[in-house]
Each structure stands twice: as C-alpha cells, then as structure tokens.
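Q: Here it is: the structure, laid out below.
The values are calculated or read from the model by the stated rules, or taken from the named source; none is laboratory data. Only a predicted model underlies this, so the values are computations on that prediction, with no experimental measurement involved. Note that we place each Cβ from the backbone using ideal geometry, even for glycine, and neighbour counts take in every protein chain shown.
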Amino acid sequence: MDNKKLKIIILFGGKSGEHQVSLNSAKSVLQAIDRSRYIVQTIGISQEGRWYWGAHPDHLLNENLPISNTFPLVTLVHDPNDAHFITLDGTKIPDNGKFDLIFPVLHGPNGEDGTLQGLLELANVPYVGCGILGSSLGMDKDRMKAVFAHAGLPQANYLTFLRSEYKNSPASCIQKVEQTLGYPCFVKPANLGSSVGISKAHNSAELQEAFKVASSYDRKVVIEENITGREIEVSILGNDFPEASFPGEILPAKEFYDYQAKYNNAGSRLIIPAVLPEALSNQLRQMAIRAFLAVEASGLSRVDFFVTADNKPLINEINTLPGFTQISMYPKLWESTGINYNELINRLISLAFERYKDKQNNQIAHKE
Ligand SMILES: Nc1ncnc2c1ncn2[C@@H]1O[C@H](COP(=O)(O)OP(=O)(O)O)[C@@H](O)[C@H]1O
Ligand SMILES: [Mg+2]
C-alpha cells in the first residue's frame, strides 16, 4: 500500500429488522477507524432502502433529524471499470463519488444475505466481509443447516416447512413437529437475525402462534428441538486460512437470548474468555473454522454453539456480519485473543483487498 489514504465508504442502516443494530455497530466503527490511514465517507441507508450520502448513524437514529432534505440520495453506478456513486439530484460529491473500498456494517436481509454483495460484485469493487454465497448460506438457517450436516458438524434436530405448506395443512405440520421434535421447540423464520420472529413453543397452541409469527417474516420456517446448554461463541477472521478466537459465553438475562435480552437488557452478560476445559475450547475453535469454510465465508464471522451439560458441542449458527460495536462479542473475543478493535478494522480492510486481488486472477472468457 502506498502512502495515499484509502477512501473507505461505510454503509449502515438498511432495509432490515436489524436496522437499529447496524446503526450502533456503525457508530463504533466510525469512532474507531484510523483516519490517518483512511478517508472515511458514510452512506446511511434508510429503512425504506434509500441511500443518503454523508448521513451519520445519529441522523437515522433520531427522527427529528431529517435526512431526506439534508443529505443527497445516491446510487451506485456499477460499471465494473468505473464504479462510483452519483447523486440523484445532481449535487456534486467529492472525487465524483469514487472510492477504494466499501465496508458494509449492515446486519440481516439486504446487507448480510448476499443481495448487497451481488451489487458490489457487479460493480467489481473491494468490500469487507463475505461474498454472495457465504452471505446467503449464512443467512438462510435451513440451507446453513444442510451445509453443516454435510460437513459433519453436530447440531440440533430440525424440520423446515414452507409457509404455503403450513397454510395448506397446519394440522399435519403440527403433528410432524410433535412426533419428531416434541416440546419445547424453537420456531424461527429461516432468513432473519437478532432473534426477530423467533418463539419458544411449549404446546400446540403456542406452536400455532409461533408458526404464524415466523411465517409472517419469511416463506420458510425452521423448527428445532430445544437444546439445554450454555451458549458459546467463537469469532473467525481470515479468508482461505481463517483463524479462530478464544470462545466466549453468553448468559442471557431471559429464558432465551431474544431481541430484548440482546439489545435492551443490561442483565445479559458476556464471559470472555468462556470458562471451558482446554480440549473443548480447542474443539469449538476447530468446529468454528470448519463451519466458516463450509459456507465459504470470508473476512469475518461469528460462529455460535450450544454446549450441553455433558460438554457436547452443537453448532447453532454462523453470523457473517456479526454485531460490531466495541462491546459486541465479535470484537471483544478478538481483543481477548490479542487483536484490538482498531487493528481488527485494519485487518478486515486488508482481507477485503486480498480477496479482491485474488478474484482478479480469474480468467473470465475461455481462452484457447
Ligand atoms: N434449538 C434451540 N434450543 C435452545 N435455545 C435456542 C435454540 N435455538 C435458539 N435458541 C435461543 O434463541 C436465540 C436466538 O436464536 P438464533 O438461532 O441464534 O437466532 P438469531 O439468528 O436471530 O440470532 C439463541 O441465542 C438461543 O438463546
Ligand atoms: Mg443467534
């Protein structure tokens, strides 16, 4: 890298149930990113999916700060040889909207699921985090579990139903759950995060309600047997040769780690590093790397596990753009493993360039 400062675009907000979570993550990144190395430009994405050039997370957090009259709307011109942003109203922006790299600090659908990554691939620009495949596999709990099963990773028993299937024959879906998984069970929309739309059903009435809630968010509903165990998480950093952090433990303040417990309840605690026998800790770190490679993730991910009373690890999920505030599990685990928040941002940016450069080696057309 030469001495020229790199121009980094931080993208946050977004059309997702995790809009708010993204604003908090982005605030932390903006506070910590090394401005002696990077020129930082923000783009705030509203809940309607509009991109505002120069908006700060506070503008999206606070309804009294009108963004639509203050910041120009922009769109990405995805010309692979000249990707840049343009304003929709013709306002001039610095460097004609050119940039070196995009850092998506977005969680959930439209940011973490491969859609944004597809746009950035078309534009042929470097960006932080996973590509299309890793992102979409990481978002879809049903396909994620199929890939984990194929990779031989132990996990809870589960069933997947289409919304249409449940609508056509609710009784047979309920019966199948009762015969295969029993109560309590966890009912989840296949594509979401931050526990949005997830319920724990203790009987058939609750299961019916849970089906209704989960299927209002997605066309697929995943149902899992209840696992009684500790919740342990491992952070991964890297591309083709990823590294795993020490594991951390979550002590949810409520019956399960739902949206309230995650973001609004100070009673939930993180124990970093988790107190575990060394062999189990190593096993979890190895499993987390296998999960990362199985979904073809890159850059970063947090891999979440349950550990049962007899110390058996079961994988729960991979999050390809995990919560990224200074006090979130992902960066805290790296801090305990020797990489501070500031350095983590630098590493993610260099990993993005590494992957981008590697991709430029691909031959596009068939050559004789
Ligand atoms: N099969 C399960 N058994 C026990 N608890 C579960 C199970 N699945 C989820 N949970 C609880 O619900 C929380 C959210 O579920 P998770 O699958 O991680 O969804 P999200 O992608 O929204 O984080 C977990 O952190 C855990 O507390
Ligand atoms: Mg989770």
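One line per residue, one yes/no per condition, for (1) touching a helix residue (DSSP H, G or I) at 6+ places or on another chain (Cβ under 8 Å); (2) modelled with pLDDT under 95; (3) farther than 29 Å from G17 by Cα:
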| position | (1), (2), (3) |
| --- | --- |
| D258 | no, yes, no |
| Y263 | yes, yes, no |
| R285 | no, no, yes |
| A291 | yes, no, no |
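Q: Going through S245, S199, S215, S235 one at a time, which residue ends up being hydroxyl-bearing (S, T, Y), within 12 Å of ligand 1 (Cβ to nearest atom) and surrounded by 20 or more Cβ atoms within 10 Å (Cβ to Cβ)?
A: S199
Q: Follow-up. Pick from F353, F305: which is aromatic (F, W, Y) and within 16 Å of ligand 2 (Cβ to nearest atom)?
A: F305
Q: Restricting to the range 292-311, give me the number of residues that are buried (at least 24 other Cβ atoms within 10 Å of the Cβ) and of a type outside the set (V, I, T).
A: Summing the residues that are buried (at least 24 other Cβ atoms within 10 Å of the Cβ) and of a type outside the set (V, I, T) in the range 292-311 gives 8.
Q: Could you list, in sequence order, the residues of the range 277-336 that are more than 24 Å from R355 (Cβ to Cβ), more than 14 Å from ligand 1 (Cβ to nearest atom) and basic (K, R)?
A: Result: K332, single match.
Q: Does the range 290-305 contain any residue that is of a type in the set (A, V, I, L, M), within 27 Å of P184 (Cα to Cα) and touching a residue at least 60 places away in the same chain (Cβ under 8 Å)? Even if it seems obvious, please write down each step before you answer.
A: To start, the set of residues in the range 290-305 that are of a type in the set (A, V, I, L, M) comprises 291, 293-295, 297, 300, 303.
Then drop every residue that is not within 27 Å of P184 (Cα to Cα), which leaves 291, 303.
Pick out the ones that are also touching a residue at least 60 places away in the same chain (Cβ under 8 Å) and you get 291, 303.
Scanning the range 290-305, I find at least one residue that is of a type in the set (A, V, I, L, M), within 27 Å of P184 (Cα to Cα) and touching a residue at least 60 places away in the same chain (Cβ under 8 Å), so the answer is yes.
Q: For the range 16-35: of the residues being outside any helix (DSSP H, G or I) and in contact (Cβ under 8 Å) with a residue 24 or more places away in the chain, which is surrounded by the fewest Cβ atoms within 10 Å (Cβ to Cβ)?
A: D34
Rundown of residues vs (1) within 16 Å of ligand 1 (Cβ to nearest atom); (2) within 26 Å of K254 (Cα to Cα); (3) in contact with a helix residue (DSSP H, G or I) (Cβ under 6 Å, 6 or more places away or on another chain), yes/no style:
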position: M139; (1), (2), (3): yes, yes, no
position: D142; (1), (2), (3): yes, yes, no
position: K145; (1), (2), (3): yes, yes, no
position: F148; (1), (2), (3): yes, no, no
position: E165; (1), (2), (3): no, no, no
position: C173; (1), (2), (3): no, no, yes
position: P189; (1), (2), (3): yes, yes, yes
position: A205; (1), (2), (3): no, yes, no
position: T228; (1), (2), (3): yes, yes, no
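Per-residue answers, yes or no, for (1) modelled with pLDDT of 95 or more; (2) of a type in the set (A, V, I, L, M, F, W, C); (3) surrounded by fewer than 18 Cβ atoms within 10 Å (Cβ to Cβ):
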{"residue": "H107", "(1), (2), (3)": "no, no, no"}
{"residue": "G118", "(1), (2), (3)": "yes, no, yes"}
{"residue": "L122", "(1), (2), (3)": "yes, yes, yes"}
{"residue": "S135", "(1), (2), (3)": "yes, no, no"}
{"residue": "D140", "(1), (2), (3)": "yes, no, no"}
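Q: Got a sec? Which strands (runs of 3 or more DSSP E) wholly within the range 48-162 have at least 1 residues that are among the β-branched types (V, I, T) and under 16 Å from the mean Cα position of the chain (by Cα)? I'd like the intermediate steps shown before the answer.
A: On the way: elements: 51-53, 74-77, 84-87, 101-105, 158-162.
Fully inside the range 48-162 and qualifying: 101-105.
Q: Can you spot a residue in the range 266-281 that is within 15 Å of ligand 2 (Cβ to nearest atom) and either farther than 21 Å from S195 by Cα or free of Cβ contacts under 8 Å to residues at least 24 places away in the same chain (or both)?
A: yes
Q: Just the residues that are more than 30 Å from G248 (Cα to Cα) and of a type in the set (S, T, Y), please, taken from the range 328-368. Show your work before the answer.
A: So the first thing to find is which residues in the range 328-368 are more than 30 Å from G248 (Cα to Cα), and the list is 356-368.
Y356, the sole residue that qualifies.
Q: Determine if the range 320-339 includes at least one residue that is more than 19 Å from H107 (Cα to Cα) and assigned to a loop (DSSP other than H, G, I, E, B).
A: yes
Q: Which residue out of N311, N346, N316, N342 is in a loop (DSSP other than H, G, I, E, B) and either outside the structural domain of G17 (by TED's automatic domain parsing) or in contact (Cβ under 8 Å) with a residue 40 or more places away in the chain (or both)?
A: Step by step, each of N311, N346, N316, N342 is checked, and only N311 is in a loop (DSSP other than H, G, I, E, B) and either outside the structural domain of G17 (by TED's automatic domain parsing) or in contact (Cβ under 8 Å) with a residue 40 or more places away in the chain (or both).
Q: Restricting the first residue to the range 193-208 and requiring it to be in the same structural domain as K220 (by TED's automatic domain parsing) and at pLDDT 95 or above, which pairs with a second residue that is more than 16 Å from ligand 2 (Cβ to nearest atom) and in a strand (DSSP E or B) meet a Cβ separation below 8 Å and a spacing of at least six or different chains?
A: Going by the 8 Å Cβ cut-off, the qualifying pairs are K200/C185; A201/C185; L207/C185; L207/A201.
Q: If you scan the range 163-194, which residues turn out to be in a loop (DSSP other than H, G, I, E, B) and at negative phi?
A: Result: S169, L181, Y183, P184, A190, L192, G193.
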